[in-house]
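Q: First, the structure itself, so that you have it in front of you.
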Amino acid sequence: MRMFERSTWGANVLLEVTDLHAGYSAGVVLSGLNLAIESQCIVAVVGRNGVGKTTFIKTLMGLIAPRRGSIVFDGRNVAGMSPAARARIGMAYVPQGRRIFPKLTALENLLVGVKAANLPPRAIEPVLEQFPRLIPKLNNLGASLSGGEQQLLALARALVLQPRVLLLDEPSEGIQPSMLDEIQQVLLQAQQRQKLSVLLVEQNLEFAAELANTVHVMDSGRISRQVEPAVLLGSTLIPEFLGVTEV
Amino acid sequence: MDTAVVVILSALTSIAILLLTSLGLAVVFGLMRIVNMAHGEFLMIGAFATTTLVRSGAMPLWMAVLSAAAFCALIGVVVEVAFIRPLHGRRLIDTLLATFGLSLVMYQIAVDIFGTASPGIDAPPGWLQLGRYSVSYYSLALPFIAVVVTLLLYLLFKSTRYGLLARAAAQDAEMASALGVEVRRVNLYTFVLGCALAGLGGALLSPVVAVSPGVGQSYIGQAFMTVVTGGPAFLLGTLSASALLGGVANVISQFSTNMWGLTGLLLVAAVLVRVLPRGLSGNWSRQL
Amino acid sequence: MATDIVRAMAQRGLLWPVLLVGLALVLPSWISNAGALKWTLWLCYGILALSLTLVWGVAGIFSFGQNAFFGIGAYAYAVAALNFYPSTGETLSALLIAACAAALFAAALGYVMFYGRVGDVYLAIVTLSFTLILYTVMSSTAGPEFRIGVAQLGGFNGMPSLPGIAMGGTELNIKALFAFVACAGAALYALVGFLVSGKYGEVLAGLRENETRMELLGYDVRLLKLLIFTLSAALAGVGGALFAAWGTFVNPAVFSLPQAALVAIWVMVGGRGSLAGAFVGVGTVQWVCDKADAIIAQQTPLVLGVILLIVVMVFPGGIVPTLRRLFQRISPKLMSRTVAGAASANDHLTMPAALVSTPSVRGTLAARDVGKRFGGVTVLDALSIEWGSEPIHIIVGPNGAGKSTLFKLLTGQLAATRGSIEFNNTAITHLPSFERARRGLGIKLQVPSVFLGLTVEQNVRIARMAPRHNRSAKASVETVLAAVALLPQRQTIAANLSHGEQQWLEIALLIAQNPSMMLFDEPAAGMTQEERRKTVELLRRLSEQHTIVVVEHDMAFVRALAAPIVMLYQGGIFKRGSFDELSADADVRAIYLGRKRAA
């Protein structure tokens, strides 16, 4: 019955998460998370610190093993696959804190995924065109780039894999406001050009609102509701996120 | 004048030997954070393989050296799959102790096969006459071979697919795997490379030292010290540490005895560890 | 009655020594000379294994150097005995010299390693290299020029014909030597047992469990490690001297690789944590080797290698502890030390009237023009803040604002790239964490940093014992635990506490330190609503006597604390004010919620 339901409305669904449970040590856990991402959509998941957003995105990428539940990407359950296998079938990950390889040059950072996938080095060229700011820095070590440049590089590093879904964990964290616009533009451009789906986990409500087609609010390890992006810019959610309504 | 030249040449040979016996250890430790205690036995196997092949008349020295390295690589595959991989995620001390156990087993097997002493092989003939002194061509060739090996390794890590993936996996294995890198396979290659390098080192050493089952153990202490004092840049760091420690030890030994040379090596290493706990390359931004 | 005495002795670690002494006095008349010789050797090895148990099992430092110190002890005994025995007629002084020589080498090596702060794997490598290089060095002392007094070092062949243990001009015979070594072993065992059971034992356990926390409590971890390393080397040295006296010879084989492996194998087989395990391990392994030798002659390294592989791959906890667990599963009644359950009554966080004694002065802390760069990224830029004018100060800011970096600069976990930090009007910019703690800085980390393997009570005792510069009064363990409502769980192992309880236990450690200032990094992280509420109450209470600085992300928590706030953004100060002022400020709201155009 359930299977049937999914296949009828899921024709357009690229990534579907059902009843996902995961967690490590004490603290952050996912408990019964459900979410569907349609192809070529930007979906934002917002929520306060500590509700499990990063655990969610790491579980999607296979960096944390789920305890229960399914992750169906493009019709296949990927829940048991290694991160590398998920990368090969079109899932790309931009982690919180960017995690640029500090002792590789910017160019080498881009080439890691390309070489792992046995693509020719020139595969990075079309992506690099969208990141003019990175071009003069290509031979600099990752560690020497500024925070904003590292974020752009992390994005580019994921995009060169020609993914079908991009998993973005807090791309706005610690970034200069001027850079945020650039990151937003690059992201929108790439999404349109490469026909990407994007899952964006964010605390920055405006950043999320301006990018996302749909917004889900996460609370205690599950999605509590879906809201219109415009709602994030209004005032109803803000007290909740500032914590003014509790304690 | 002749004396000075000979002292320098002899020091260069010592440095080359230290470098050749340390590189495999440095690669495995630098990229996988694994202390391969069986490294000395891989040296020993490389040396025995070479002497056996050469003495049987099967092949010339250079071919025997390469075959010995390949043989060690094969053993490395087995060791990685059987002992290193299952211990992934355990404390570093556990892989260290497991490879230690392995080294004892390999040592005893070598004793059972070859006995405690064995006839060696001759170095390729030829001497360079320097006034009162004569220096064999082979010991002159060792520094060149060491430099070539280091350069080839540098190129391997700088400009091949494996090299890039191995460096990425060493810096952030989780991130590398999320970019599609099969970290387990890369680690297998790295470990095997380390074993092959150890085999190569032992093979190159075999014409100039007494080959015995214990030969690896007499080099491994210095090799460990070299890797520790070399620090995180596992190629150039190890090269610098070999130059420093090997140079000091050799020059002191030439003017006194081997014992004081080693003591000097130990003291220099101790001072370095105290002053630069992260090694000579601790503050370098390079990885190689 | 008799069983009570046995149990009491067992608790003090005296059971085995007394048994050993008994054995030493009774056995010689029963066993053959060959048996006495074998048992004496095993006891020498047992002392060596005991020294590794002390340094690795108890203090958590893995050293491959123990057999180096054993060898140094043996050589020192040989040299001293050959030189002095003819004139003094005794070799007990040589025994003492052996212990001192081993300790001296260990102190030098340990100084380099611990004050250089080399990591644990490096430590294993350095100690092993030290051992192996000694092997090569001692092997190359064959020439006649290598003599100390009348003693020839003898190179690879070593030093033969050493005097045995001798008193009053006569050497002990084989059985008397056995009795002597057994008594020495018993005495050393008792010494180590005393060390690990009392308050020193708790400090050592703290060192093993959580070095960072020890440092933040004010312990000089480097010095403690050096002391224990040196002491264990002295033990090994005595073992080596007795070994030399037993065999009346010593050669460089004591420094060999198989010998280094052997020590680790004994201890791993016996179980790292158990002192008796050291002797049990020696007995088991040597017995297996002897038996194996009878079947396949002279394959000892092979047998040892296989044992080591099996222990590491299959029984990583050691064979004796694994068997013990198995035994306990079969007869659960014998599980004397059952850990109290994790379910605990923490529903009332009662605050006793007199919480802790008043510190002599309410602390002040100031960051002046402080900056921090990581590679190309400037995380903090010329920041100046003073704390101490109010009971509680709060630092907030969005992710990536530089809060955690600032915290680490204040605690000494990171070094500032510019500027200075002053605590109670003295510069502490370059002081290590433990010095800051001794001056009265209490530090609570974000992820609870306690001694997970120890009981709640032991945790607090370690904190109370921590060295401090001012001798202000200390609250009792009971008062401290009552303050965080953990008194009912005082016997619980910290690992079995809930996340929130671990957070409070860490706060209890701070209270026990009685600092003039307490720094909290996100104390509410991972807490439930209820736990958060109680933590607010606790912090308010503590602020009556201590200055408190809280770095926090959780705005609900910040609001409840109702204290002046400094808001960081992009590595600098963005706004100061009360919660209401800040939350009413359009720019702050925008930044905190990520309105990018606000700045």
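No lab work stands behind these numbers, since they all come straight from the coordinates. Everything numeric here is computed off the predicted structure, so don't read it as measured data. Positions of Cβ are backbone-derived with ideal geometry, glycine not excepted, and every protein chain shown enters the neighbour counts.
Q: Over all directions, what mean area does the Cα convex hull of region C:256-332 project, stated in square nanometres? It would help to have the intermediate numbers written out before the result.
A: On the way: hull surface 22.4 nm².
Here the figure is 5.6 nm², rounded to one decimal.
Q: Sticking with this one: With 10 angstrom as the radius, rank C:431, C:92, A:20, C:177 by how many other C-beta atoms surround their C-beta, starting from the fewest. It would help to have the intermediate numbers written out before the result.
A: On the way: C:431 17, C:92 14, A:20 24, C:177 20.
The most exposed by this proxy come first: C:92, C:431, C:177, A:20.
Q: Going by amide H atoms built from the backbone, whose H comes under 5 Å of the H on residue A:44, apart from near neighbours?
A: The answer is A:200, A:213, A:214, A:215, A:216.
Q: Residue by residue, what Karplus-based ³J(HN,Hα) values in Hz, rounded to whole numbers, does region A:210-219 have, using 6.51, -1.76 and 1.60 with θ = phi - 60° and x for Gly and Pro?
A: For region A:210-219, the Karplus-derived couplings read 6, 9, 7, 7, 9, 10, 10, 9, 10, 8 Hz, x marking Gly and Pro.
Q: Within chain C, which DSSP H helices have Cα atoms that stretch 30 Å or more along the helix axis and a mean Kyte-Doolittle hydropathy of at least 0.0?
A: C:66-88, C:92-115, C:174-197, C:221-247, C:275-295
Q: Give the residue from C:224, C:366, C:42 lying farthest towards the positive end of the charge dipole for chain C; charges sit on Cβ (+1 for Lys and Arg, -1 for Asp and Glu) and the dipole is referred to the Cα centre.
A: Positive-most Cα among the choices belongs to C:366.
Q: Determine the distance separating the Cα centre of region B:54-87 from the Cα centre of region B:102-128; give it in Å without decimals.
A: After rounding, the separation between the Cα centres reads 14 Å.
Q: Now for a different question. Would you mind checking which residues have amide H under 5 Å from residue C:392's amide H? H placed 1.01 Å from N; only 5 or more apart, or other chain.
A: Counting only residues 5 or more places away or on other chains, the set is C:548.
Q: Work from the charge dipole of the protein assembly as shown (Cβ charges, +1 for Lys and Arg, -1 for Asp and Glu, about the Cα centre) and give the residue of C:239, C:485, C:557 farthest towards its positive end.
A: C:239
Q: Just for the protein assembly as shown, what percent of DSSP beta bridges are antiparallel, to the closest 5? Show your work: numbers first, answer last.
A: On the way: 50 of 84 bridges.
So the antiparallel bridges in the protein assembly as shown amount to around 60 percent.
Q: Can I ask one more? Provide the FRET efficiency to the nearest 0.05 for the residue A:225-residue B:162 pair, computing r from the beta carbons and using R0 = 56 Å. Write down the numbers at each step before the final one.
A: Numbers: r = 48 Å, r/R0 = 0.86.
According to the calculation, E is roughly 0.70.
Q: I want to make sure I understand the PRE zone here: with the label point 7 angstrom from the Cα of residue B:130 toward its beta carbon, which residues in region B:1-40 have backbone N atoms less than 17 Å away?
A: Counting backbone N atoms under 17 Å from the label point, the list is B:1-17.
Q: How far, in nm, would the chain grow between residue C:315 and residue C:3 when pulled straight, counting 0.36 nm per residue and subtracting the alpha carbon separation?
A: On the way: separation 312, 0.36 × 312 = 112.32 nm, distance 3.21 nm.
So the chain would gain 109.1 nm between residue C:315 and residue C:3.
Q: So how do C:39, B:127, C:387 line up by other beta-carbon neighbours within 10 Å, fewest first? Present the calculation step by step, with values, prior to reporting the outcome.
A: Numbers: C:39 20, B:127 13, C:387 23.
Listed from fewest to most nearby Cβ atoms, that is B:127, C:39, C:387.
Q: Charges on Cβ only, +1 for Lys and Arg, -1 for Asp and Glu, centred on the Cα centroid of region B:2-213; of B:179, B:48, B:156, which one is farthest towards the dipole's positive end?
A: Of the options given, the answer is B:179.
Q: Pairs on different chains or at least eight residues apart, Cα atoms closer than 25 Å: how many lysine pairs in chain A fit? Kindly include the intermediate steps, with their values, before the conclusion.
A: Details: A:53/A:195; A:58/A:103; A:58/A:115; A:58/A:195; A:103/A:115; A:103/A:137; A:115/A:137; A:115/A:195.
Number of lysine pairs found: 8.
Q: Right, another one. With +1 assigned to the C-beta of every Lys and Arg and -1 to the C-beta of every Asp and Glu, and no other charges, what is the dipole magnitude of chain B about the Cα centre in debye, to the nearest 20?
A: Details: 14 positive and 9 negative charges, 111 e Å.
Computed charge dipole of chain B: roughly 540 debye.
Q: Right, here's the next one. Kindly provide the helix-only [θ] at 222 nm of chain B, computed as the sum of -39,500 (n - 2.57) over DSSP H runs of four or more divided by all residues, to the nearest 500 deg cm²/dmol? Don't skip to the end; give the middle numbers.
A: Numbers: 12 runs with 202 residues, N = 288.
Computed ellipticity for chain B at 222 nm equals -23500 deg cm²/dmol.
Q: Quote the charge dipole size of region C:460-597 about the Cα centre in Debye, to the nearest 20; the model charges only the Cβ of Lys and Arg (+1) and of Asp and Glu (-1). Walk me through the numbers on the way to the answer.
A: Values: 18 positive and 15 negative charges, 58 e Å.
For region C:460-597, the charge dipole is close to 280 debye.
Q: Still on this structure, please answer the following. In sequence order, what are the phi-derived ³J(HN,Hα) couplings for region A:70-80 according to the Karplus relation 6.51 cos²θ - 1.76 cosθ + 1.60 with θ = phi - 60°, rounded to whole Hz, with x for glycine and proline?
A: Residue by residue, region A:70-80 yields 10, 10, 9, 10, 6, x, 10, 7, 9, 4, x Hz.
Q: Amide H of residue C:418: which non-local residues (sequence gap of 5 or more, or other chain) have their own amide H closer than 5 Å, using H built in the peptide plane?
A: C:371
Q: Across chain C, how many lysine pairs separated by 8 or more positions, or lying on different chains, have Cα atoms within less than 17 Å?
A: For chain C, the number of qualifying lysine pairs is 11.
Q: What is the distance in Å between the Cα centres of region C:460-495 and region C:71-119?
A: For region C:460-495 versus region C:71-119, the Cα centre distance is 40 Å.
Q: Run the quick spin-label model on residue C:173 and residue B:113: label points 7 Å from Cα toward the beta carbon, then report their separation in nm to one decimal.
A: 5.1 nm
Q: Also, I was wondering about something else. Post the alpha-carbon centroid distance, region C:366-393 to region B:255-288, in whole angstrom.
A: 38 Å
Q: How large is the helix-only mean residue ellipticity at 222 nm for chain C, computed as the sum of -39500 (n - 2.57) over DSSP H runs with n ≥ 4, divided by its residue count, in deg cm²/dmol to the nearest 500?
A: The helix-only estimate for chain C comes to -17500 deg cm²/dmol at 222 nm.
Q: Sorting A:149, C:531 on the 10 Å Cβ count, fewest up front, what's the list? All intermediate terms of the calculation are to be shown ahead of the outcome.
A: Working: A:149 23, C:531 19.
With the fewest neighbours first, A:149, C:531 line up as C:531, A:149.
Q: Based on the Kirkwood radius over alpha-carbon pairs, what is the Stokes-Einstein translational diffusion coefficient of the protein assembly as shown at 25 °C with 0.890 mPa s viscosity, in µm²/s? Kindly include the intermediate steps, with their values, before the conclusion.
A: Values: Rh = 32.7 Å.
The Stokes-Einstein estimate is 75 µm²/s.
Q: At 7 Å along the Cα-to-beta-carbon direction for both residue A:233 and residue C:576, put a label point, then send me their distance in nm to one decimal.
A: 3.6 nm
Q: Same structure, new question: Residue by residue through region A:157-169, what is 3J(HN,Hα) from phi via Karplus (6.51 cos²θ - 1.76 cosθ + 1.60, θ = phi - 60°)? Round to whole Hz and write x for glycine and proline.
A: With the stated coefficients, region A:157-169 comes to 4, 6, 5, 5, 6, 6, x, 9, 9, 10, 9, 10, 9 Hz.
Q: Need the full-extension length gain, residue B:209 to residue B:70, defined as separation in residues times 0.36 nm minus the C-alpha distance. One decimal, nm.
A: Values: separation 139, 0.36 × 139 = 50.04 nm, distance 2.10 nm.
Extra length available between residue B:209 and residue B:70 comes to 47.9 nm.
Q: What is the gain in length, in nm to one decimal, between residue C:297 and residue C:38 on full extension, counting 0.36 nm per residue of separation less the C-alpha to C-alpha distance? Please report the intermediate quantities before stating the final value.
A: Details: separation 259, 0.36 × 259 = 93.24 nm, distance 1.81 nm.
My answer for the length gained is 91.4 nm.
Q: Roughly how big is the protein assembly as shown's charge dipole about its Cα centre, with Cβ charges of +1 (Lys, Arg) and -1 (Asp, Glu), in debye to the nearest 20? Let's see the in-between values first.
A: Details: 84 positive and 65 negative charges, 98 e Å.
Dipole of the protein assembly as shown, to the nearest 20 debye: 480 debye.
Q: Could you calculate the FRET efficiency of residue A:67 with residue C:499 from 1/(1 + (r/R0)^6), where r is the beta carbon distance between them and R0 is 25 Å, rounded to 0.05?
A: On the way: r = 18 Å, r/R0 = 0.72.
The calculated FRET efficiency here is 0.90.
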